[in-house]
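Right, one structure below, let's go through it.
The values are calculated or read from the model by the stated rules, or taken from the named source; none is laboratory data. Owing to the predicted nature of the structure, the values given are computational and were not obtained by experimental measurement. Cβ: placed from backbone, ideal geometry, glycine included. Neighbour counts: every protein chain shown.
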Amino acid sequence: MPNSPALQRPETAGFLLLLVAVLGWGSNWPPLKLLLLELPPLAARAWAGVAAALVLAVLVRAAGVPLGVPRGLWPRLWLAALLNITSWMGFATLSLLWLDAGEACIVSYTMPVWAALLAWPLLGERPTPRRLLALGCGLAGLVVVVGGGGFAAGLGKLPGIAFALGGSVLFALGTVVTKRWPLAMQPAAAVVWQVGLGMLPLLVGTLLLESPDFAALSTRGWVFLAYMAAFPLCLCYLAWFAALRRLPASVATMGTLLAPIVGVLGSALLLGEPFGLRQVAALGLTLGGVLLVVRG
């Protein structure tokens, strides 16, 4: 019932908003993999991201959130954009040229493990036995992804692993840097600027290095572009911040563990990618390491 007291509780609404966010982020991997059959990687990300930044700016401003950037914050905002958006979305997309969508998803979502490791030199948070165990789980998951198909197949995946891992580590660095030097502005406005600024290098890259043929893009391709701009980059970010206002940060962070599960299962169902013992082991090791970090 729409007026049910349970649905009106902040916790219930928060969990529903969190579910929207993680489902959208997890379900983005299969469409992106299919879109790369029609567009080069930088174009596939850049144009959807620019459109998302514009729409997100309009929605956030319509909600009454100021988009002004405080004086002196631009260098930190640019750094956050390059680490959290440019490197994460650019490298993760490039990794799909060598990896299955499920494999790229598993490697990319190891970022909390690397954040816990980087917190030592940058935040003075010494690694605990729990964090070292989490690091071991994350590395074991990478070994399973690389070596599960044999030596030759593993070597062929190394460029994709390097891109996915690079994006994950740089995103983790962005998380730690932002914790060390917070962005003193509205969170939703910070996301708008990070998405917009972070997409500019990808846009310059596709204009200089690629020749996308949008005239030949299929209806399915246009649907995927629109989906990526509207759902993972707009609606999911808005839902995430709305969920954070209603839930403890630790609960919301643990909820994001659903995203790689959705990504791997969606890739198996929609793309026909294998989902056997190796995939389950890699996913379990990765999520185990992330869960150790979050609960620690």
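Quick notes on this structure:
- Which listed residue, of 280, 251, 223, is over 21 Å from residue 24 (Cβ atoms), out of contact with any Asp or Glu (no Cβ under 7 Å at 6 or more places or on another chain), surrounded by fewer than 19 Cβ atoms within 10 Å (Cβ to Cβ) and β-branched (Val, Ile, Thr): 280
- A Cβ distance below 8 Å, combined with a sequence gap of six or more or placement on separate chains, defines the contacts here; from the stretch 137-164, residues that are more than 24 Å from residue 83 (Cα to Cα) reach residues that are at pLDDT below 75 and among the β-branched types (Val, Ile, Thr) in the pairs 154/146.
- From the options 32, 42, 82, 37, residue that is of a type outside the set (Asp, Glu), at pLDDT 90 or above and surrounded by fewer than 17 Cβ atoms within 10 Å (Cβ to Cβ): 37
- Cβ-Cβ under 7 Å pairs, at least 6 apart or on other chains, the stretch 25-50 side without any contact (Cβ under 8 Å) to a residue 12 or more places away in the chain and over 15 Å from residue 103 (Cα atoms), far side of a type in the set (Val, Ile, Thr) and surrounded by fewer than 23 Cβ atoms within 10 Å (Cβ to Cβ): none
- The conditions of being without any contact (Cβ under 8 Å) to a residue 24 or more places away in the chain, aliphatic (A, V, I, L, M) and either under 18 Å from residue 160 (Cβ atoms) or outside any helix (DSSP H, G or I) (or both) are not met by residue 67.
- Within the stretch 83-131, considering residues that are touching a residue at least 60 places away in the same chain (Cβ under 8 Å) and outside any helix (DSSP H, G or I), the one nearest to the chain's Cα centre (by Cα): 109
- Boolean, residue 217 is within 15 Å of residue 48 (Cα to Cα) and touching a residue at least 60 places away in the same chain (Cβ under 8 Å): yes
- Residues of the stretch 251-296 satisfying the condition of being β-branched (Val, Ile, Thr) and over 19 Å from the mean Cα position of the chain (by Cα): 280
- Selection count where residues are part of a helix (DSSP H, G or I) and in contact with a Pro (Cβ under 7 Å, 6 or more places away or on another chain), scope the stretch 207-238: 3
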